Amino acid sequence: MSRFIGAIDQGTTSTRFIVLDREGAIVARDQREHRQIYPRPGWVEHDAAEIWTNTRAVIEGALTKSGLKPRDLAAVGVANQRETTVLWDRATGAPLHNALVWMDTRTQPQVDRLVAQGVGEAIRAKTGLPLATYFSALKLAWLLDAIPDARVKAEKGEALFGTIDSWLIWNLTGGRHAIEATNASRTQLMSLRTLQWDDDLLRLFDIPRACLPEIVSSSDVYGACVGGIDGAPLAGALGDQHAALLGQACLKPGDAKNTYGTGCFLLMNVGETPHVSTQGLISTLAYKLGDAKPLYALEGSIAIAGALVQWLRDNLGLIDSSDDIERLARSVPNNGDVYFVPAFSGLYAPRWRGDARGIIAGLTRFSNKGHIARAALEAAAFQTREVLAAMVADAGVEIAALKVDGGMAANDLLMQFQADILDAPVVRARQLETTAIGAAYAAGLAVGFYASLDDIAAHWREDRRFTPNMEPEERLRLIASWEKAVERSLGWAI
Ligand SMILES: Nc1ncnc2c1ncn2[C@@H]1O[C@H](COP(=O)(O)OP(=O)(O)O)[C@@H](O)[C@H]1O
Ligand SMILES: O=P(O)(O)OC[C@H](O)CO
């Protein structure tokens, strides 16, 4: 058998291709950012064609750099930004509109209408998801209404819906219309228990069944690849946060990880039965490997984490690169009483307040850019604390230590502050690319490259453990001020 596994990690800001060996070590890697398109306040779009072009480019880049050939890959897996909604033409394969990105808030009026109809609880009971702009169903309905003839074409199966995994599976296999189950669980159209499209939900959201893809398992051979890795089996896909759960070897109930990327997503494995949250968390599929029973997870989703660092870089020009934020934040000894609530897309878990908007609170003549940098980093930690507290209350389990990964987890200052504000150890994985690694595991398991979950669990390695070192009074003071700032952010967008 070939000696390597490939994984595409199609994230909110960039696309990567990595190649792993059997021990889980990365032997090749390439990455490209794509355009973030903001047509109006609150709207966020991606060009799906650009994403496919970048996917091919990073595959070629990684193979060229390492001198590997497609035949060296035993299989390829996909991890992807979830909920982002693509509609394309079956005949031409061309997108009919820019993709609506998960953090886009244009469907808030439709959310409000459904909330007023009182259907929120029924939807949550079936899908595990609250009514929010975050999920795909309302984005798809918006596209079907906004694009001329789209609804008619969708009813005839001539316009096809997919999340980014579907879009890549379609292109990589030369035309298979499929969606992987964890991604389908984020559309708000699938029953979490049956893992099938649900007729009541299709009626409620007014979605024609003919445009929907076939739901497939997270680990299975979907087809042979084209697009630069010709012939390699495409054998696994997972929503990126589910992939990170697998990549962090969170395989048993109670195992949890937090991924700090564009947003921040804390997932805990809850075993073979979905856990209905009473604390504002999402009940979601963890993964469905081949014919094995599906496993479920509780999730706390935070929309803006690393995206705030990018915003300081791109919109304010405060830093040149994301890494620079640590140095800027270290230029001051503390936050100087400045708090940044990054409610750019409202607030997600556990508050679900679509009416919140971003604010910086506590500014005085003393405040400087170091304080703002520090407040931006601390925002991810404060939000994580809220989500973790909700998870502990919901599931009734203590999390002894939080496993972390993602681009922002490289930031030592943030990780130490996270441990301090949680009053719990934070354990950084040696490999921060756990998302791509999880996708590689799913694909590798499907083709027998990895023998079992035990085989992959043995690959996990600790990089560094951050131990809490903050006085309780100081922690409580900081949390109280953060909560005051959050109160100020609510009710801004009406
Ligand atoms: N050293 C750092 N400190 C803080 N944030 C960082 C650092 N390095 C990267 N980031 C942030 O992490 C995010 C990239 O992480 P990544 O896991 O690649 O995200 P995604 O998969 O969402 O594209 C970006 O938003 C970037 O601003
Ligand atoms: O692109 P990421 O890694 O921030 O992940 C985005 C999430 O999948 C959105 O639900």
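Taking the range 90-145, which residues are within 16 Å of ligand 1 (Cβ to nearest atom) and either β-branched (Val, Ile, Thr) or not in a loop (DSSP other than H, G, I, E, B) (or both)?
If the condition is that a residue be within 16 Å of ligand 1 (Cβ to nearest atom) and either β-branched (Val, Ile, Thr) or not in a loop (DSSP other than H, G, I, E, B) (or both), then Ala99, Val101 are the ones that fit.
Quick one: what pairs do we get from the range 401-413, first residue within 13 Å of Thr467 (Cα to Cα), second within 15 Å of ligand 2 (Cβ to nearest atom) and among the polar types (S, T, N, Q), C-beta under 7 Å, 6+ apart or different chains?
From residues that are within 13 Å of Thr467 (Cα to Cα), the pairs are Leu402/Asn258; Lys403/Gln248.
State yes or no: is Gly448 open to solvent by 40 Å² or more (accessible area, probe 1.4 Å), at pLDDT 90 or above and within 28 Å of Leu168 (Cα to Cα)?
For Gly448, the condition - open to solvent by 40 Å² or more (accessible area, probe 1.4 Å), at pLDDT 90 or above and within 28 Å of Leu168 (Cα to Cα) - is met.
Residues that are at positive phi and surrounded by fewer than 24 Cβ atoms within 10 Å (Cβ to Cβ): does the range 105-121 have at least one? Break it down into steps so the answer makes sense when it comes.
Residues of the range 105-121 at positive phi: 118.
Imposing the further condition that a residue be surrounded by fewer than 24 Cβ atoms within 10 Å (Cβ to Cβ) reduces the set to 118.
Scanning the range 105-121 turns up at least one residue that is at positive phi and surrounded by fewer than 24 Cβ atoms within 10 Å (Cβ to Cβ).
Across the range 3-19, which residue is nearest to Val58 (Cα to Cα) among those that are within 14 Å of ligand 2 (Cβ to nearest atom) and either in contact with a Phe, Trp or Tyr (Cβ under 6 Å, 6 or more places away or on another chain) or not in a strand (DSSP E or B) (or both)?
Within the range 3-19, the match that is nearest to Val58 (Cα to Cα) is Ile8.
Condition check ((1) part of a strand (DSSP E or B); (2) farther than 19 Å from Gly77 by Cα) across all residues:
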residue	(1), (2)
Arg428	yes, yes
Gly444	no, no
Arg464	yes, yes
Glu474	no, yes
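When the range 226-248 is examined, which residues are found to be away from ligand 1 (no atom under 16 Å from the Cβ) and surrounded by 24 or more Cβ atoms within 10 Å (Cβ to Cβ)? Don't jump to the end; show me each part of the working.
Keep residues of the range 226-248 that are away from ligand 1 (no atom under 16 Å from the Cβ), which gives 226-236.
Of everything in the range 226-248, those that are away from ligand 1 (no atom under 16 Å from the Cβ) and surrounded by 24 or more Cβ atoms within 10 Å (Cβ to Cβ) turn out to be Ile229, Ala232, Leu234, Ala235, Gly236.
Condition first: among the charged types (D, E, K, R) and either within 16 Å of ligand 1 (Cβ to nearest atom) or crowded, with 24+ Cβ neighbours inside 10 Å (or both). Now tell me which residues in the range 284-310 satisfy that.
So the first thing to find is which residues in the range 284-310 are among the charged types (D, E, K, R), and the list is 288, 291, 293, 299.
Across the range 284-310, the qualifying residues are Lys288, Glu299.
Right, Leu267: farther than 16 Å from Pro130 by Cβ and more than 16 Å from ligand 2 (Cβ to nearest atom) or not?
Numbers: farther than 16 Å from Pro130 by Cβ: yes; more than 16 Å from ligand 2 (Cβ to nearest atom): no.
In short, no.
Are there any pairs with C-beta distances below 6 angstrom linking a residue in the range 76-88 that is farther than 9 Å from Gly162 by Cα to a residue that is within 15 Å of ligand 2 (Cβ to nearest atom) and part of a strand (DSSP E or B), with the two at least 6 apart or on different chains, and if so which?
The qualifying pairs are Gly77/Ala7; Val78/Ile8; Val78/Ala237; Ala79/Asp9; Ala79/Leu238; Asn80/Gln10; Arg82/Gly239.
Take the residues in the range 146-169 that are over 18 Å from Phe205 (Cα atoms) and in a helix (DSSP H, G or I), then tell me which one is farthest from the chain's Cα centre (by Cα).
Among those that are over 18 Å from Phe205 (Cα atoms) and in a helix (DSSP H, G or I), it is Ile169.
Just for the range 389-418: of the residues that are over 19 Å from Leu476 (Cα atoms) and open to solvent by 40 Å² or more (accessible area, probe 1.4 Å), which one is farthest from ligand 1 (Cβ to nearest atom)?
Gly396
Could you check how many residues of the range 229-252 are farther than 21 Å from Glu23 by Cβ, among the hydrophobic types (A, V, I, L, M, F, W, C) and part of a loop (DSSP other than H, G, I, E, B)?
Residues meeting the conditions: 1.
Kindly provide the set of residues from the range 22-38 that are loosely packed, with under 15 Cβ neighbours inside 10 Å and modelled with pLDDT under 90, ordered by number.
Listed by number, the residues that qualify are Glu23, Ala25.
Scan the range 333-346 and tell me whether some residue there is within 16 Å of ligand 2 (Cβ to nearest atom), on the phi > 0 side of the Ramachandran plot and touching a strand residue (DSSP E or B) at 6+ places or on another chain (Cβ under 9 Å).
Yes, some residue in the range 333-346 is within 16 Å of ligand 2 (Cβ to nearest atom), on the phi > 0 side of the Ramachandran plot and touching a strand residue (DSSP E or B) at 6+ places or on another chain (Cβ under 9 Å).
Considering each of Ala380, Ala349 in turn, give the residue that is open to solvent by less than 30 Å² (accessible area, probe 1.4 Å), under 21 Å from Pro253 (Cβ atoms), in contact with a Leu (Cβ under 7 Å, 6 or more places away or on another chain) and not charged (D, E, K, R).
So the residue among Ala380, Ala349 that is open to solvent by less than 30 Å² (accessible area, probe 1.4 Å), under 21 Å from Pro253 (Cβ atoms), in contact with a Leu (Cβ under 7 Å, 6 or more places away or on another chain) and not charged (D, E, K, R) is Ala349.
With the condition kept exactly as written, say whether any residue in the range 283-295 is within 25 Å of Gly407 (Cα to Cα) and not in a strand (DSSP E or B).
no
The values are calculated or read from the model by the stated rules, or taken from the named source; none is laboratory data. Since the model is a prediction, treat every value here as computed from it, not as a measurement. Using ideal geometry, Cβ is built from the backbone for each residue, glycine included, and neighbour counts are taken over all protein chains shown. For the accessible areas, the whole protein counts, side chains as well, though only heavy atoms, and no ligand, DNA or RNA atoms are used. Shrake-Rupley method; radii C 1.70, N 1.55, O 1.52, S 1.80 Å.
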